[in-house]
Structure formats: structure tokens, C-alpha cells
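Working notes, structure below.
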């Protein structure tokens with residue numbers, strides 16, 4: 001049995017002249033924490049909107065927990081928890097009223113999980129949601145989503161704007177709460193420090209396409225940083241294999257490259273390098289370099305066709 | 001009942017080494033310097049994960065590697081313990097790994113342009129700094 005929580009086939013979404021999703025084929029297996037990374041406009045939010053059935057695709061298909069995302073029943077939705085960066089909850093309702101509503105709504109409601117997560121925050125039952133701080137609202141939102149007992153938890157930038165204590169409490173609830181034991185988590189974030197700590201699997205989207213999927217350390221190992229002392233002009237950037245980023249610092253050429261082995265040193269020497277050094281890079285640097293390659297830039301020279 | 005030995009270690013995000021590798025390196029170093037002794041119990045996977053705020057699977061991966069290499073042993077239902085030292089690798093494998101480590105070291109060091117004598121002397125001093133604790 002192919003057990004994927006998310007499965008898309010040639011999923012395409014077009015907004016006018018712009019392709020938000022470009023024949024995306026994505027298969028995310030059940031279980032563990034999957035980090036979804038991409039530059040702004042990579043198509044993450046569009047993907048979630050289609051997966052949750054809020055938006056129809058232009059072409060292709062999307063399945064979530066084995067169901068067609070355009071035909072989700074209320075029961076299907078009960079199996080999916082969703083926390084977005086805005087932590088959208090009705091501001092005029094009191095905390096206990098929202099909680100009662102969710103308790104009635106979801107048959108698999110787990111009161112213990114709810115209390116365990118919310119216990120990290122100073123949230124009083126009689127407070128109105130609109131009076132909670134951003135961090136408290138985030139905690140409350142996560143507590144509701146986890147208590148729902150979801151099979152799939154989608155978190156879109158959940159820790160954006162949280163202070164260090166709230167952020168840590170949020171990550172702890174996510175990783176150590178019993179409520180997430182049988183739950184697949186999709187974690188969208190720009191914060192590599194968090195991703196390094198939480199992710200079992202790294203998924204990189206770019207311009208609506210899947211660019212990479214593996215364990216974070218395997219991705220890291222694909223990227224290396226080379227420094228070459230090349231007098232005069234270096235090789236034409238277009239001829240550099242696997243080039244992600246090029247910088248000239250203090251007369252030295254710095255190359256961030258993808259999938260290059262030791263023979264890259266030969267290439268640099270053949271291009272006139274007097275000395276060549278290489279080193280591994282951190283996940284942050286690797287992802288940054290990877291996304292920077294095709295990132296929009298006002299500099300016409302660096303823009304890719 | 002033996003008590004869990006506190007594992008005083010730090011991990012850093014933004015390091016080229018993945019977190020699981022950082023844990024493996026740190027535990028090996030603590031065993032090599034006798035900061036951890038045979039029979040000491042290690043923290044549970046969940047416990048160490050919480051201590052470091054990392055995914056429990058990352059700690060499990062590090063522990064599995066340390067166990068496979070013979071640094072740790074698991075006792076049924078009790079947890080993980082520092083194993084009694086024995087030569088964990090075949091002579092050929094030891095020699096291969098030493099060659100590899102030397103090659104890596106040389107790659108890093110060669111461009112620094114120190115005279116070989118000085119590099120050797122400093123390496124020797126680092127070894128001596130480890131030695132007393134090892135025999136303690």
C-alpha cells in the first residue's frame with residue numbers, strides 16, 4: 001500500500017500570467033516531521049489552500065490522507081489539524097467557548113493533550129481570544145490542533161513572531177507531546193535553526209516545483225564551499241559546474257556549489273587557481289545558497305533565464 | 001539501581017556537522033577522556049532530546065550509531081550504558097580510519113603553511129592533555 005499523507009500529480013495553479021504551482025509531483029510519506037522550505041512565492045500557501053480544499057487547482061490532482069482534496073467531508077477535515085502563522089481564531093470569543101466548540105466538533109478530542117500543551121502558556125478560560133498575546137494565541141491554537149487528535153498536522157510558519165520562551169514551549173509541545181506520536185507533521189518555516197532541530201525530512205519547493213526531498217543532513221552534504229585563489233579573472237560563471245553562488249572577497253573566489261566532488265578542484269586549477277580549499281557548510285548556508293540561485297534579484301547579471 | 005549519568009553536552013545549530021553527528025562526537029570524546037565510564041547509564045532518547053530541544057529521532061540515530069560502533073550497549077528494558085572498552089574495529093578498519101582522518105586533517109592544515117614539526121608538536125601536546133584523565 002502506498003501510504004502517503006500528501007500526494008499530488010502534476011498539480012498546477014495559475015494566477016493570470018503567474019504559475020504558482022508548476023506540475024508539482026509531491027509525495028510525503030506517513031509519519032515523522034517534514035519541513036517544507038521555499039523562498040517567498042514558492043507556492044507553499046497555494047499548495048495548502050488546494051490541499052485543504054479552499055482553492056481548486058488549474059490542472060492536476062491533489063490527495064490528502066488518501067482523499068481527493070476537492071471532495072473532503074467534515075470527517076476528513078477532522079483528521080487534519082491546521083495552524084497558520086496568523087493563528088486565526090475568532091477574537092470576540094472567550095477561550096473556554098472556543099475550546100467547548102472544538103470539544104464538540106472533534107470526536108477524537110484529547111483533553112489531556114490540550115491541557116499539557118496549554119499549560120505552557122498563561123491563558124485563562126475567561127479571556128477573550130483577542131486579548132491574548134501572539135505567543136499565547138499560538139499556544140492555544142496548537143493546543144486545539146493537537147487535542148483534535150489529527151493524523152496530519154500542517155503548521156504554516158507557526159513560530160513567526162514568538163518570543164524565545166514561547167518558541168521553545170511550542171517546539172517542545174510539538175516534539176515531546178504524546179499527542180503527536182501517531183501524527184504526521186508538515187512544518188513550514190524559514191527558520192533553519194528550528195528545522196535543524198525538528199525535521200526528519202526536508203522538502204524544498206521552488207517556483208511551484210519540487211526541487212529536493214531527503215533527510216536534512218543528506219541535503220547539506222550536497223553543497224560545498226570552495227575558495228580559490230585565481231589571479232585575474234576567474235572562469236565564466238556559466239561554465240562553473242553546479243554553481244549556486246559566487247562571491248569575490250578580498251581577491252579570492254568563493255564558490256558555493258551543488259553535487260561537486262573532488263574533481264571540482266581540478267576544474268578550478270584548470271581555470272588558473274593557485275590554491276584551492278573546500279569545506280562543508282551548515283544547513284542554513286546550504287538552503288540559502290540553493291534558494292538564492294533562482295531568487296529574484298534586481299541585478300540583471302545574476303538573473304537566470 | 002544505577003543512576004543515569006548526566007550528559008553535559010552542547011549542540012549548535014548552524015554547524016556543518018548535523019546534530020546527530022555532534023552528539024556522536026561528544027559522547028565518544030567523553031568516553032575517550034573517561035568523563036563517562038563503562039557501566040554509566042545514558043539519558044533516555046526522549047530525555048536527551050528534551051535537554052537539547054531536538055527531535056527524538058536525531059538522538060535515536062546518534063545512539064544507534066554509537067551502539068553499532070560498540071561504544072554503548074543496550075540492556076534489555078533498562079536503557080543504554082557505556083560499554084566495557086574492547087577493540088571495536090578490526091586492525092584493517094582501524095588503520096583505514098586513521099588514514100582517512102589523517103588525510104582530512106592534512107587537507108585542512110596543509111594550506112595553513114605551518115612547518116610539519118610545529119604541527120606535530122601541537123598535536124602531541126593535545127594528546128598529552130587527554131592522557132591523564134584517561135588513566136584516572
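The values are calculated or read from the model by the stated rules, or taken from the named source; none is laboratory data. Quantities reported herein were computed from a predicted structural model and do not represent experimental measurements. Cβ sites come from the backbone with ideal geometry, for glycine too, and all protein chains shown count toward neighbours.
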Q | Residues of segment A:196-215 satisfying the condition of being under 28 Å from residue B:107 (Cβ atoms) and buried (at least 23 other Cβ atoms within 10 Å of the Cβ) | A | A:196, A:202
Q) Is there a residue being touching a helix residue (DSSP H, G or I) at 6+ places or on another chain (Cβ under 9 Å), away from chain B (no Cβ under 14 Å) and in a loop (DSSP other than H, G, I, E, B) anywhere in segment A:210-224? A) no
Q) Can you tell me which residues in segment A:276-287 are within 11 Å of chain B (Cβ to nearest Cβ) and not in a strand (DSSP E or B)? A) A:281, A:282, A:283, A:284, A:285, A:286
Q: Tell me, please, whether a residue that is in contact with a helix residue (DSSP H, G or I) (Cβ under 9 Å, 6 or more places away or on another chain), within 15 Å of residue B:18 (Cβ to Cβ) and either without any contact (Cβ under 8 Å) to a residue 60 or more places away in the chain or within 14 Å of chain B (Cβ to nearest Cβ) (or both) can be found in segment A:177-192.
A: yes
Q: Check segment A:249-264 and report whether any residue there is more than 14 Å from chain B (Cβ to nearest Cβ), under 30 Å from residue A:169 (Cβ atoms) and buried (at least 18 other Cβ atoms within 10 Å of the Cβ).
A: no
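Residue A:117: at pLDDT below 95, within 27 Å of the chain's Cα centre (by Cα) and either surrounded by 16 or more Cβ atoms within 10 Å (Cβ to Cβ) or within 18 Å of residue A:173 (Cα to Cα) (or both), yes or no? Steps first, please.
Numbers: at pLDDT below 95: yes; within 27 Å of the chain's Cα centre (by Cα): yes; either surrounded by 16 or more Cβ atoms within 10 Å (Cβ to Cβ) or within 18 Å of residue A:173 (Cα to Cα) (or both): yes.
Considered against the rule, which asks whether it is at pLDDT below 95, within 27 Å of the chain's Cα centre (by Cα) and either surrounded by 16 or more Cβ atoms within 10 Å (Cβ to Cβ) or within 18 Å of residue A:173 (Cα to Cα) (or both), residue A:117 comes out as yes.
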**Q.** Given (1) buried (at least 17 other Cβ atoms within 10 Å of the Cβ); (2) modelled with pLDDT under 90; (3) in a helix (DSSP H, G or I), index of the condition residue A:158 fails
**A.** (3)
**Q.** Residue ID - modelled with the lowest pLDDT, chosen from residues in segment B:1-16 that are surrounded by 15 or more Cβ atoms within 10 Å (Cβ to Cβ) and closer than 23 Å to residue B:130 by Cα
**A.** B:5
Q. What number of residues within segment A:125-136 are assigned to a helix (DSSP H, G or I) and modelled with pLDDT of 90 or more?
A. 3
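Which ranges mark the helices (runs of 4 or more DSSP H) fully within segment B:1-113 that have 1 or more residues being in contact with a strand residue (DSSP E or B) (Cβ under 9 Å, 6 or more places away or on another chain), closer than 30 Å to residue A:178 by Cβ and more than 14 Å from chain A (Cβ to nearest Cβ)? Walk me through it before giving the result.
Values: elements: B:19-32, B:45-52, B:56-68, B:91-110.
Passing ranges, in order: B:19-32, B:56-68.
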